[in-house]
Amino acid sequence: MDDITEQDIFKAFKKTQGELSFPGGKLELPTEERFPEIFDVIKKCFLTDEPLEKSLQLEWSSEVEEIWMSALRSKLSLIIVDENTKKIIGMRAIRVTKKSDHTDVSLIKDESVKKLLEFFEYTSEHPNVFEKYGITEHFEFFGLAVLPEYRQRGMGTVLMQAGVSFLGHLKRPSYIKGSASSNFSKKIYDKFDFEAIGDYVFEDYKVDGKVVFDNTGEHKSMKLYVMFLQ
Ligand SMILES: CC(C)(COP(=O)(O)OP(=O)(O)OC[C@H]1O[C@@H](n2cnc3c(N)ncnc32)[C@H](O)[C@@H]1OP(=O)(O)O)[C@@H](O)C(=O)NCCC(=O)NCCS
């Protein structure tokens, strides 16, 4: 990743932008000035509707913001803005994750954030994609969000298509890892050439004998997906 320049990112993005057309929206690479608006989108989509965070009743905090910043710093995330209002409609957060990356969960103060990170730690060991594929880094689809008033019009699918195309143009690292905690995002992953390598049923994931994610409604598991970029 260290050898991917901002120019590489821009070139790959321009190719993807040229390939995709959809009514009412425009694909963009977000600038830092957009970050506060991106945080608003995350609050409106993830804290309220994403099954894991909704179940934990996660609240916005500096620790939550830092998790999202770990993705935004890679400068690989994509947004769709409304053509008329220029406001963000949705986001495909993307980052590069390295084998050497480590978050010390014991330092996290917010119990809900801790539970979420412990679950991600557990899933990242079952299986460990670095070992499974003999790699030291991979792209990671970190979060997919579409504002409630724009949902069920194919925007989530367009954002996924944009992400796959964009990383395909960059090519390195050669794998994308992603996870889907909602039935809707699973439907989206299943439209593309991802291989499902894990399925974590919420009622089976227990800590100290207690189910961590309850009240997830119709969303019963998180699936882990991997794609090899040819
Ligand atoms: C997941 C999310 C990004 C989907 O966005 P979207 O723009 O509605 O996605 P699409 O319109 O491309 O829909 C994808 C599929 O899911 C279905 N779907 C989406 N929302 C649905 C709903 N509320 N009820 C039933 N089906 C739904 C669509 O009908 C479509 O199915 P199809 O492929 O059979 O036509 C959006 O619901 C969201 O932001 N959720 C909150 C955050 C979240 O949970 N993100 C994913 C976590 S991994």
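The values are calculated or read from the model by the stated rules, or taken from the named source; none is laboratory data. Keep in mind it's a predicted model, so treat the numbers as computed, not measured. Here the Cβ is made from the backbone with ideal geometry for all residues, glycine too, and neighbour counts use every protein chain on show. Just the protein is used for accessible areas: all its heavy atoms, side chains included, with ligands, DNA and RNA removed. Shrake-Rupley method; radii C 1.70, N 1.55, O 1.52, S 1.80 Å.
List the strands (runs of 3 or more DSSP E) that sit entirely inside region 16-123 and contain at least 2 residues that are in contact with a Ser or Thr (Cβ under 7 Å, 6 or more places away or on another chain).
Here the list reads 88-98.
For region 193-209: of the residues being assigned to a strand (DSSP E or B) and either within 15 Å of the ligand (Cβ to nearest atom) or closer than 21 Å to LYS114 by Cα (or both), which is most open to solvent (accessible area, probe 1.4 Å)?
LYS206
Please name all residue pairs, on different chains or six or more residues apart, with Cβ atoms under 7 Å, provided the first residue is in region 210-230 and is more than 17 Å from SER124 (Cβ to Cβ) and in a loop (DSSP other than H, G, I, E, B) and the second residue is open to solvent by 20 Å² or more (accessible area, probe 1.4 Å) and of a type in the set (Val, Ile, Thr).
The qualifying pairs are LYS220/VAL201.
Return a yes/no flag: does region 133-141 have any residue that is surrounded by 17 or more Cβ atoms within 10 Å (Cβ to Cβ), part of a loop (DSSP other than H, G, I, E, B) and touching a helix residue (DSSP H, G or I) at 6+ places or on another chain (Cβ under 7 Å).
No, every residue in region 133-141 fails to be surrounded by 17 or more Cβ atoms within 10 Å (Cβ to Cβ), part of a loop (DSSP other than H, G, I, E, B) and touching a helix residue (DSSP H, G or I) at 6+ places or on another chain (Cβ under 7 Å).
Of everything in region 177-192 that's more than 13 Å from the chain's Cα centre (by Cα) and touching a residue at least 24 places away in the same chain (Cβ under 8 Å), which residue is nearest to the ligand (Cβ to nearest atom)?
My answer is PHE184.
Yes/no per residue for (1) over 30 Å from ASN84 (Cβ atoms); (2) touching a Phe, Trp or Tyr at 6+ places or on another chain (Cβ under 7 Å); (3) among the small types (Gly, Ala, Ser):
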position	(1), (2), (3)
GLU137	yes, no, no
ALA145	no, yes, yes
ARG153	no, no, no
LYS171	yes, no, no
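Assuming TYR122 fulfils every condition listed in (1) under 24 Å from PHE139 (Cβ atoms); (2) of a type in the set (Phe, Trp, Tyr); (3) within 19 Å of the chain's Cα centre (by Cα); (4) within 16 Å of the ligand (Cβ to nearest atom) apart from one, which condition is it?
Here TYR122 meets the rest and fails (4).
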